[in-house]
Every structure is written in C-alpha cells, then in structure tokens.
Amino acid sequence: MILIVDDDPVIRASLSLLLGRAGYECKVFESPDEAIDEVRRAAPEAVMLDMNFSRFTTGEEGLTRLQQIKLFAPHTPVILMTAWGSIELAVAGMKAGAFDFITKPWDNTHLLKTVKTAIALNSQPVEATGASSGQAFDRCGIIGNDPVLTGVLDTVARIAPTTASVLITGESGTGKELIAEAIHRNSPRRDKPFVKVNLGGMSQTLFESEMFGHCKGAFTDAIANRTGRFEAADGGTIFLDEIGELDLSCQVKLLRVLQEQRFEPLGSSKPRKVDVRVVCATNADLPAMVAERTFREDLFYRINLVTLELPPLRRRRGDLGALADYFARDASARHGIAMPEFDRSVVEFLASRSFPGNLRELKNLIERVILVSGSDRLTADDFARLCPVLEPGVAETSSFDRMERAEIVNVLRRCRGNISRASAELGISRQALYRRMEKYGLKDES
C-alpha cells in the first residue's frame, strides 16, 4: 500500500492513476492528520508526501509530518514532493529521514523508478546472501574475504538490482571503480553500457560538451555532432569518479540532469531524455566540503542515497597474501615470465607497511620486485631492497601517521622529489600526494 498525501486533488488523482497502472495499491489523503492515523494503524510500503499543504506555509508542516511518519513507521520510505524552487527544503527533508524527493512537475518514468527503488530496498532482508554465499554474484575481480570487504559486497548484492544512486567513498587506490562495476554487472542493466568518467581530469570549459555532447557549429571547433557521456550511457550506468573535484558551476548542471534525467546538448534547444543509473566515487570528505560550501548540499543528497565506504588496505591485513599472489600472477602473465614463489616472510613484511596508495601501491610494488629481482623465490629481503625500512617521523599523532609519512619520504627521495613519479609509485593522484605532503609538512623537504 502506498499513501499519497497532498491537498491538491489533481495531484492526488494523477499519482493514484499513475501508480495504480504500475500495479501499486494506493490510498489518497487530503488531510495529513488522517494520513498519520493510517500510518499508525499499519505501516505502508511507502508514502508520497507533499511539502506544502497550503499557500500560507513554506514547507515546515511537511517536515513536521515527515518526522511524525518516521516516529510511527521508522522503516517506511517517505518520498517528498516539492517544486524545483524548494530544493533546499527537500534537502532538509532528506536530513530528517526522507528516502528521496521529486520535483513538480515530475517525470513519470523517474517517479516510478524512485518508488520501485524505495520499496525494493525497504523490503529486502538485512542479511544479503549474494556476496557471501557464493550465489550468482559477479565479484568483477575483487580479491579478498576480509569481513569489512564482504560486508560491502553484501550491500552491493542488495542494492545492485535497484536503481538507487550510490556514492562510493574511500582512500585513493581502494578499488572504488571495481565496486562500481560490480554494481552494474549485478544489475538488470548489465547488458547496457557502463560509462566511466573521471571528473577530476575534466576542465570546466569542456564539462558540458563532454557530458552532454554538442551539435555541429555549437562553437568554433565543433565540426561534427558529438555524443555526450550521459547519452552514451543511456539504459546503463554512468560512473562519475572523483566527483569531489567538480567545479561548483558544473555541479549545478549535473544536479539538473540527475534530477530530471534529461539534458540539452550544446547548440541544441531540444531536450534529450535518458535512463541512466548514477554511481559516484570520491576520496574527498564531501560533508566537510558541504560545510565549507565547496560542494552543493542538494547534489550531495542526490548522489548518496546509498553510501559504500571501502576499507583501506591497512584494515585488510588478512587479504595481503591473496592479493600479493593475484598481482604476482597478473604481472608474470603480462611480462611473460615465470610466476615466482613467495617466502612466508613476504606477507609479514607487507603487513608492516602502511600502503598509503592501497591496492595500487601494492600492485606496483609486487610488479617492481618481480621485474628487478629476477628470482624464482622472493623473500622479505627482496622487498626491503626496493622498499626501505620505515623511518620514525617527528610530528605525527599515530603509528599509522608515522608509517605513512616515512613511506612518502622514502618514495620522494627515491624519485628525487619528482611528484609525478612519486605519486605513480605510491598509486595515488598528484593532488592526493600534495595533500599528504602538506599534512606532514613535507613540501619544503621534497
């Protein structure tokens, strides 16, 4: 049962007809008090709640009603309905526990997808079995059985069949792209495109053309029509990596497309509609950026309906042996050399490292040792020669900080201060390396 709560009879009738044709049983309410009474009697599958019940209110009553619904039915998803000009109010509703919001006038397809996702996520059991029980779940090459990692994969198994927007967080090199691909390949969209976009490497001037495409003659160098990334991903999934690096002006344009699922290519006045699932990733602290007003709050709540936090490698010590073996086999196959054996001391040595670059740093280290050593049996000494013993730091606040600082110092010295080479060896971006250098006071040392 879906409850529709709105004081406009046209809205109630339209929603009831739309949802009824989609197979949902609906009850409509003009009075929010009557709707609350219904919620108290039996928790519905979902609630469609208007934010403004008269022209004299500005949404406060809608927020109050939302809080009442969550009090009596805490697990019932509530979808807010608001005008585009009241997005800030809808964001306040998301903070108060709303599942999502739609703007009036709405797009029927988008609204139905939102309702379907809300009910699907709410109806699935807490214990997901797809990743842990060996059922038909595609790991996409993700190695490891650490409980933190398998917990993430269990959540992936739960949300993949839905259309929920997902935000993947974690340090650089933790495998966010693989998780995004696992979401896509375990979803009904698996046979449609999976389009990857690195927003950190995209300039503000190219954003619209790259993401939405352009028509011939739209600007000086536009000698032919170009298909944008959103159109290329139609029917599938678009993965927006490093979304925290996106310029504020571009964030506004992205929000509009995510909200309306339509866009206009540069040089065209004809909107194009797309059906795209959005998965984003970042190693930035987006809540802090929202507080600093460098990332839009409304966009933040639009992209993180579900948040997956990936553990750093230092929290997955039990997976080091399996990962080292996998990377060694991969490097040996690519370079056409025999797969070396690992002495027991190797895993112990790897466990002593901080690996600020996480999986990418481990992969680079394994490959470097295999190529340089030329031995068919690798020991901790082989790794130590190319990965010097850690030095104690001077101003760190934790053992991990000491290890990470020493690791960065070693790599910077080996690369003679070349930031590009050092970041590549550590397996992190230049920006991430600069942030760590600033944190540990290494800018002058480099």
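Some notes on this structure:
- Qualifying residue in segment 323-336 (condition: at positive phi, surrounded by fewer than 19 Cβ atoms within 10 Å (Cβ to Cβ), assigned to a loop (DSSP other than H, G, I, E, B) and outside the structural domain of Met211 (by TED's automatic domain parsing)): yes
- Verdict on Phe349 being touching a residue at least 12 places away in the same chain (Cβ under 8 Å), assigned by TED's automatic domain parsing to the domain that holds Gln431, more than 28 Å from the chain's Cα centre (by Cα) and assigned to a helix (DSSP H, G or I): yes
- Identification of helices (runs of 4 or more DSSP H) wholly contained in segment 143-253 with 2 or more residues that are acidic (Asp, Glu), under 17 Å from the mean Cα position of the chain (by Cα) and crowded, with 17+ Cβ neighbours inside 10 Å yields no element.
- Matching residues, segment 179-217, being of a type in the set (Lys, Arg) and modelled with pLDDT under 85: Lys216
- Selection of segment 17-28 for residues being buried (at least 17 other Cβ atoms within 10 Å of the Cβ) and more than 14 Å from Trp106 (Cβ to Cβ) yields Tyr24, Cys26, Val28.
- Residue match in segment 64-76 (condition: at pLDDT below 80 and over 25 Å from the mean Cα position of the chain (by Cα)): no
- The residues in segment 95-104 that are closer than 16 Å to Val5 by Cα and of a type outside the set (Val, Ile, Thr) can be counted, and the count is 5.
Quick grid of which residues meet (1) modelled with pLDDT of 85 or more; (2) not in a helix (DSSP H, G or I):
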| residue | (1), (2) |
| --- | --- |
| Leu371 | yes, no |
| Val389 | no, yes |
| Pro392 | no, yes |
| Glu404 | no, no |
| Gln431 | no, no |
| Tyr434 | no, no |
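- Boolean, Asp146 is under 18 Å from Phe239 (Cα atoms), in contact with a helix residue (DSSP H, G or I) (Cβ under 9 Å, 6 or more places away or on another chain) and at pLDDT 85 or above: no
The values are calculated or read from the model by the stated rules, or taken from the named source; none is laboratory data. Please read these numbers as outputs of a predicted model, since none were measured by experiment. When we count neighbours, we look across all protein chains shown, and the Cβ atoms used for this are built from the backbone with ideal geometry, even at glycine.
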